[in-house]
1. Could you list, in sequence order, all residues of segment 133-157 that are at pLDDT 95 or above, surrounded by fewer than 12 Cβ atoms within 10 Å (Cβ to Cβ) and not polar (S, T, N, Q)?
2. Please go through segment 21-61 and give me each residue that is surrounded by fewer than 16 Cβ atoms within 10 Å (Cβ to Cβ), modelled with pLDDT of 95 or more and either more than 28 Å from VAL171 (Cα to Cα) or of a type in the set (Phe, Trp, Tyr) (or both), ordered by number.
3. Could you tell me which of the residues ASN44, ASN66, ASN53, ASN33 is within 30 Å of LYS97 (Cα to Cα) and assigned to a strand (DSSP E or B)?
4. If THR192 satisfies every condition in (1) part of a loop (DSSP other than H, G, I, E, B); (2) free of Cβ contacts under 8 Å to residues at least 40 places away in the same chain; (3) crowded, with 19+ Cβ neighbours inside 10 Å but one, which is the exception?
5. Consider only pairs whose beta carbons are under 6 Å apart and that are at least six residues apart or on different chains; among these, list those whose first residue lies in segment 166-178 and is of a type in the set (S, T, N, Q) and whose second residue is in a loop (DSSP other than H, G, I, E, B).
6. Does ASN153 satisfy the criteria of being touching a residue at least 24 places away in the same chain (Cβ under 8 Å) and on the phi > 0 side of the Ramachandran plot?
7. Given the conditions (1) buried (at least 22 other Cβ atoms within 10 Å of the Cβ); (2) more than 24 Å from LYS31 (Cα to Cα); (3) in contact (Cβ under 8 Å) with a residue 60 or more places away in the chain; (4) not acidic (Asp, Glu), report the number of the one that HIS161 does not fulfil.
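The values are calculated or read from the model by the stated rules, or taken from the named source; none is laboratory data. Bear in mind the structure is a predicted one, so any value in this text is a computation, not a measurement. Positions of Cβ are backbone-derived with ideal geometry, glycine not excepted, and every protein chain shown enters the neighbour counts.
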Amino acid sequence: MKILFTKNIDQAIISKELGEDILVDCVEVIKTNSIKVNPFDLKNYSLIFTSANGVNAFFKNRFKPNEDFTAKNYNKIYCVGEKTKRELRKHGFGTFKVLKNAETLSKFIISHCQHEKFLHFCGNMALDVLDRNLPLQNIKYKKVTVYNTEELNPLITEKYHAAVFFSPSGVRSFAKQNSFDDMMLFSIGETTSSEIKKYVSKQIFTSEENTLASVLNLIRRTIKKT
């Protein structure tokens, strides 16, 4: 079986999880670049991160959150996904709440955080879930774009038995010049699967968690059944 991964993944990790019999190619379909943003005072704001790229760009721009819970104006940090959480920890910060995806985070904020003000540090192609839902509930919310995502739109002529997708922008980039036909489709989480559904009506295999480990486990279990 030949599988296409639409981002660069360590081949040793893939071989360990899927075995040596699976042939894998990795093709980057998007690239990201940090944007220079002058840091400003975060006082009285809760912070939202929906990607590891957002975390990296935030600290690259020398923002300084206050996570001293004993202080009056500390910054609560909300994030989407374990990868984003791990990236925050690399910079020495924990999280107040970790949610599975932007939709779940939106519902949590609406239910429990009506009186907070939010800054969302994200990319130029961030989903509009939060800025669509939160203002309707009179929750103060603002996006701060700290990185750009560029769709590379590669033409892929090789034939594969399966393809693996890791973001909605990656799906769109792939779809510009390639077909989803005649392949099994694997996706990291419901948000990415929702984007794939705009192009196909067939079954999409969706990982339970937004992690590489969950995706690889899903692929391994699915292949055994075929």
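1. LEU155
2. Those that are surrounded by fewer than 16 Cβ atoms within 10 Å (Cβ to Cβ), modelled with pLDDT of 95 or more and either more than 28 Å from VAL171 (Cα to Cα) or of a type in the set (Phe, Trp, Tyr) (or both): ASN38, PRO39, PHE40.
3. One residue alone meets the criteria, ASN33.
4. (1)
5. Final answer for the pair search is SER169/MET125; SER173/VAL29; SER173/LEU152; SER173/ASN153; GLN177/ASN153; GLN177/LEU155; ASN178/ILE156.
6. Criteria met by ASN153.
7. HIS161 satisfies every listed condition except (1).
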